[in-house]
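Undergrad: This is the structure, below, for whatever I ask next.
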There are 2 protein chains.
Amino acid sequence: MPPRNAVADRVRILLDERALVPGDRLPSERELAAQLGVSRSSLREGLGRLADLGIIEARRGSGTYLAALDLRDLTDARLRLEPYAARLAAERREPRDLVRLDETLAELRGSLEDRAGFADADLRLHATIAEASRSLPVRVLLDAVADLLRHSRAVTAVDPDTRRATVVVLERLVRAVHAGDGEAAEIAMREHLGHVVAALPREGG
Amino acid sequence: MPPRNAVADRVRILLDERALVPGDRLPSERELAAQLGVSRSSLREGLGRLADLGIIEARRGSGTYLAALDLRDLTDARLRLEPYAARLAAERREPRDLVRLDETLAELRGSLEDRAGFADADLRLHATIAEASRSLPVRVLLDAVADLLRHSRAVTAVDPDTRRATVVVLERLVRAVHAGDGEAAEIAMREHLGHVVAALPREGG
DNA sequence: GACCAAAATTGGTCGGACCACTATAGTTCG
DNA sequence: CGAACTATAGTGGTCCGACCAATTTTGGTC
């Protein structure tokens, strides 16, 4: 997994807590650093990561602002990348990947009534698939996708029934990875993301 | 376009000049900063970007090392993403995108005998497509791809004839974007990348 | 109200200090 | 002589305070 910046994650959480919307201005770097209890240097390292991802935009002399993100575009991009990652994972996975996948699947089954926990386990499953693909580009790109996703709590199914359906598809995906069946894994992932698209909030009519 | 770090680019060039191979150790941060004439803080900002991309790996107490990159994996990932970007570009492009595409195409035609210049213009064309897609995820992801690509001079056709063939396909791509024909743009991009795959150096057999 | 200059605020860069960890060279001991 | 241990120097990671550059706000002037 690419290196992760703890400060970036904390900033993410903070933005989420304050329910900032695109265009909103973040607190100044000095203030944010104070609030998080880290130095401005470390904070800037985290902000830089978010800026590289296009999540925030810094304007010298003015401030740092939250950028807009179209969930449909993000899901469409995932729809192109992740089925490929699933195929690679099925073809290249190693024993430790299968163990992690099984564990994560168990967590998913145990979090059917816990939306946040379910979303968390879902992210972890996707990360494991990326890891198992043994492809640096895939890992880097899907890591960026995950970072973008973390900014939208709206991507997880609201009702438990939908979550149950999700688990069924993911079970099929994991089974395919176990079996080394790249084709089946790719199809399962595509179906899974198709459900994500369907659950997306409507827009513009 | 996502913010870019000038220091990261200079480090990239420096690594390229010294012909470092995966596993090689980079100079220490203090030394590298001195060589580039920037502060260690700024250098670290650039290195952080490269580390996020998985291009380098820092080991505390030991040093920073160049990671390995499988060009085939990278091209396969592009093959999934870029045709989609081309489709979006055809559907969403604005007049200024078309102007830039035409300019870049002209540069390509003029650099048939200049391998480095050709590679440069090629990268710019792909960046313009990403920009024209008007999709933040696509721009972020393809920007990362471009960063990974910049580490491999081996991706450009060696002989002028192949470059000529490349231009023909890219002309078709640009024409499709002009016409707003997403399907044709996607197909053209796929064909273009197919040629890239075919030109990849053989391995392991 | 319009315009302009000064001041405050903000992101960007810098240099230095210290910490945590590693690798290496010396030293000691069996 | 070799192995185990111990300084020691070197490395990336974090922090701090200062200054620079650009912008925004403020206050005055007409």
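Undergrad: Does the range A:69-83 contain any residue that is in contact with a Pro (Cβ under 6 Å, 6 or more places away or on another chain), more than 16 Å from DNA strand D (Cβ to nearest atom) and in contact (Cβ under 8 Å) with a residue 24 or more places away in the chain?
TA: In the first step, residues of the range A:69-83 are kept if they are in contact with a Pro (Cβ under 6 Å, 6 or more places away or on another chain); the result is A:73-74, A:77.
Filter once more, keeping what is more than 16 Å from DNA strand D (Cβ to nearest atom): A:73-74, A:77.
Add one more test, that the residue is in contact (Cβ under 8 Å) with a residue 24 or more places away in the chain, and what stays is A:74, A:77.
Among the residues of the range A:69-83, at least one is in contact with a Pro (Cβ under 6 Å, 6 or more places away or on another chain), more than 16 Å from DNA strand D (Cβ to nearest atom) and in contact (Cβ under 8 Å) with a residue 24 or more places away in the chain, which makes the answer yes.
Undergrad: Based on what the data block shows, is residue A:42 surrounded by 13 or more Cβ atoms within 10 Å (Cβ to Cβ) and small (Gly, Ala, Ser)? Step through it out loud before you land on a result.
TA: Values: surrounded by 13 or more Cβ atoms within 10 Å (Cβ to Cβ): yes; small (Gly, Ala, Ser): yes.
For residue A:42, the condition - surrounded by 13 or more Cβ atoms within 10 Å (Cβ to Cβ) and small (Gly, Ala, Ser) - is met.
Undergrad: Can you pull out every residue in the range B:168-194 that is open to solvent by less than 10 Å² (accessible area, probe 1.4 Å) and not small (Gly, Ala, Ser)?
TA: Those that are open to solvent by less than 10 Å² (accessible area, probe 1.4 Å) and not small (Gly, Ala, Ser): B:169, B:170, B:173, B:174, B:177, B:189, B:192, B:193.
Undergrad: Return yes when residue B:91 is in contact (Cβ under 8 Å) with a residue 40 or more places away in the chain and in contact with a Gly (Cβ under 6 Å, 6 or more places away or on another chain) and no when it is not. I'd like the intermediate steps shown before the answer.
TA: On the way: in contact (Cβ under 8 Å) with a residue 40 or more places away in the chain: yes; in contact with a Gly (Cβ under 6 Å, 6 or more places away or on another chain): yes.
Considered against the rule, which asks whether it is in contact (Cβ under 8 Å) with a residue 40 or more places away in the chain and in contact with a Gly (Cβ under 6 Å, 6 or more places away or on another chain), residue B:91 comes out as yes.
Undergrad: With B:147, B:73, B:122, B:143 as the choices, which residue is acidic (Asp, Glu), in contact with a Ser or Thr (Cβ under 6 Å, 6 or more places away or on another chain) and under 26 Å from residue A:80 (Cα atoms)?
TA: Numbers: B:147 fails: in contact with a Ser or Thr (Cβ under 6 Å, 6 or more places away or on another chain); B:122 fails: in contact with a Ser or Thr (Cβ under 6 Å, 6 or more places away or on another chain); B:143 fails: in contact with a Ser or Thr (Cβ under 6 Å, 6 or more places away or on another chain).
Residue meeting the stated conditions: B:73.
Undergrad: Then there is this: Identify the single condition in (1) under 16 Å from the mean Cα position of the chain (by Cα); (2) at pLDDT below 95 that residue A:189 does not satisfy, given that it satisfies every other one.
TA: (2)
Undergrad: Residue B:10 versus (1) surrounded by 17 or more Cβ atoms within 10 Å (Cβ to Cβ); (2) away from DNA strand C (no atom under 16 Å from the Cβ); (3) not polar (S, T, N, Q); (4) not assigned by TED's automatic domain parsing to the domain that holds residue B:188: which is the lone unmet condition?
TA: (2)
Undergrad: Now, a different point. Select from the range B:13-57 the residues that are β-branched (Val, Ile, Thr) and either within 13 Å of DNA strand C (Cβ to nearest atom) or touching a residue at least 60 places away in the same chain (Cβ under 8 Å) (or both) and list them in ascending order.
TA: As a first pass, look at the range B:13-57 and keep what is β-branched (Val, Ile, Thr): B:13, B:21, B:38, B:55-56.
Answer for the range B:13-57, where residues must be β-branched (Val, Ile, Thr) and either within 13 Å of DNA strand C (Cβ to nearest atom) or touching a residue at least 60 places away in the same chain (Cβ under 8 Å) (or both): B:38, B:55.
Undergrad: In the range B:1-55, what count of residues is obtained for those that are over 24 Å from residue B:70 (Cα atoms), within 12 Å of DNA strand D (Cβ to nearest atom) and in a helix (DSSP H, G or I)?
TA: 12
Undergrad: To continue, here is another question. Could you list, in sequence order, all residues of the range B:112-127 that are among the acidic types (Asp, Glu) and either open to solvent by less than 70 Å² (accessible area, probe 1.4 Å) or closer than 18 Å to residue B:191 by Cα (or both)? Show your work before the answer.
TA: Here is the first cut: in the range B:112-127, the ones among the acidic types (Asp, Glu) are B:113-114, B:120, B:122.
Listed by number, the list holds a single entry, B:122.
Undergrad: Kindly provide the set of residues from the range A:77-106 that are surrounded by 19 or more Cβ atoms within 10 Å (Cβ to Cβ), more than 23 Å from residue A:12 (Cα to Cα) and not aliphatic (A, V, I, L, M), ordered by number.
TA: Across the range A:77-106, the qualifying residues are A:80, A:82, A:83, A:84, A:87, A:93, A:97, A:104.
Undergrad: Which one of these does residue A:109 not meet: (1) buried (at least 19 other Cβ atoms within 10 Å of the Cβ); (2) farther than 30 Å from residue B:72 by Cβ; (3) away from DNA strand C (no atom under 16 Å from the Cβ)?
TA: (1)
Undergrad: Could you list, in sequence order, the residues of the range B:28-68 that are out of contact with any helix residue (DSSP H, G or I) (no Cβ under 7 Å at 6 or more places or on another chain) and away from chain A (no Cβ under 12 Å)?
TA: If the condition is that a residue be out of contact with any helix residue (DSSP H, G or I) (no Cβ under 7 Å at 6 or more places or on another chain) and away from chain A (no Cβ under 12 Å), then B:28, B:31, B:34, B:35, B:37, B:61, B:62, B:63, B:65 are the ones that fit.
Undergrad: Then there is this: Could you please find all residues in the range B:145-164 being within 14 Å of another protein chain (Cβ to nearest Cβ) and either open to solvent by 10 Å² or more (accessible area, probe 1.4 Å) or not in a helix (DSSP H, G or I) (or both)? Full working, then the answer.
TA: In the first step, residues of the range B:145-164 are kept if they are within 14 Å of another protein chain (Cβ to nearest Cβ); the result is B:145-152, B:155.
Within the range B:145-164, B:146, B:149, B:150, B:151, B:152, B:155 qualify.
Undergrad: Determine if the range B:86-93 includes at least one residue that is facing another protein chain (nearest Cβ under 9 Å) and either touching a Leu at 6+ places or on another chain (Cβ under 6 Å) or not charged (D, E, K, R) (or both).
TA: Filtering the range B:86-93 for residues facing another protein chain (nearest Cβ under 9 Å) gives B:88.
So of that shortlist, the ones also either touching a Leu at 6+ places or on another chain (Cβ under 6 Å) or not charged (D, E, K, R) (or both) come out as B:88.
The answer is yes; a qualifying residue exists.
Undergrad: For the range A:56-65, which positions are within 15 Å of DNA strand D (Cβ to nearest atom) and of a type in the set (Val, Ile, Thr)?
TA: Filtering the range A:56-65 for residues within 15 Å of DNA strand D (Cβ to nearest atom) gives A:57-65.
Listed by number, the list holds a single entry, A:64.
The values are calculated or read from the model by the stated rules, or taken from the named source; none is laboratory data. Source: prediction; values computed, not measured. Heads up, the Cβs are rebuilt from the backbone with ideal geometry, glycines too, and the neighbour counts pull from every protein chain shown. Just the protein is used for accessible areas: all its heavy atoms, side chains included, with ligands, DNA and RNA removed. Shrake-Rupley method; radii C 1.70, N 1.55, O 1.52, S 1.80 Å.
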